[in-house]
Amino acid sequence: MGTFLYTSYLASLALTRDKWRRLVLASLLMVLLDLAIDPAMVSAGFWEWLDTGPWFGIPMLNFVGWFTVSFVATLLYTQIAKSNPEGSPALYLPYLATYPQLFYFANGEALLAVSISFTVAILIFGLVLQRYITKKLPVATRREQYTHS
């Protein structure tokens, strides 16, 4: 969970400067991942829920729990860390690399849950990559102006 949480926090850094929005966004990214994990694992028979819920049979309290634990863990990290880390787009690979495994384990309607979560994750991390490139690009452009003058 730590790798995914750190990746989610790095993504939130690229999308907003506000500390509280970063905490919420990182926690929502963790819930997004769990929106795929739980249906895939249930469909593969790794676990089952006694209570059911609206998201492919997964109880909503499970997602509230993921959000809460992620929020508190990220809050603790921000209190301990002396500064915000610099992230490379390569750091998002562990998060996204989880999805092929989930597609493998998912069957039936769980494939839809994994597909929805994966699509949203790709869109969000695409935006993060775009922000990362845009942030780095002006530096390169300025260097070129100085060397060609």
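We did not get these values from a lab; they are worked out from the coordinates using the rules stated. Quick caveat, the model's predicted, so the values are computed rather than measured. All Cβ positions, even for glycine, are placed from backbone atoms using ideal geometry, and neighbour counts span all protein chains on display.
By how many nm would the segment from Met1 to Ile116 lengthen if fully extended, with 0.36 nm per residue of separation less the alpha-carbon distance?
Taking Met1 through Ile116 to full extension adds about 39.3 nm, to one decimal.
For labels at Glu86 and Ala44 in the simple 7 Å Cα→Cβ model, what's the distance in nm?
Distance between label points: 3.7 nm.
Below 8 Å between Cα atoms, with a sequence gap of 6+, how large is the relative contact order for the chain in percent?
32 percent
Report the far tail of the P(r) of the chain, meaning the percent of Cα-Cα pairs longer than 17 Å.
So the pairs more than 17 Å apart make up 64 percent of the total in the chain.
Using label points projected 7 Å from each Cα along Cα→Cβ, tell me how many nm separate Tyr77 and Asn107, to one decimal.
3.5 nm
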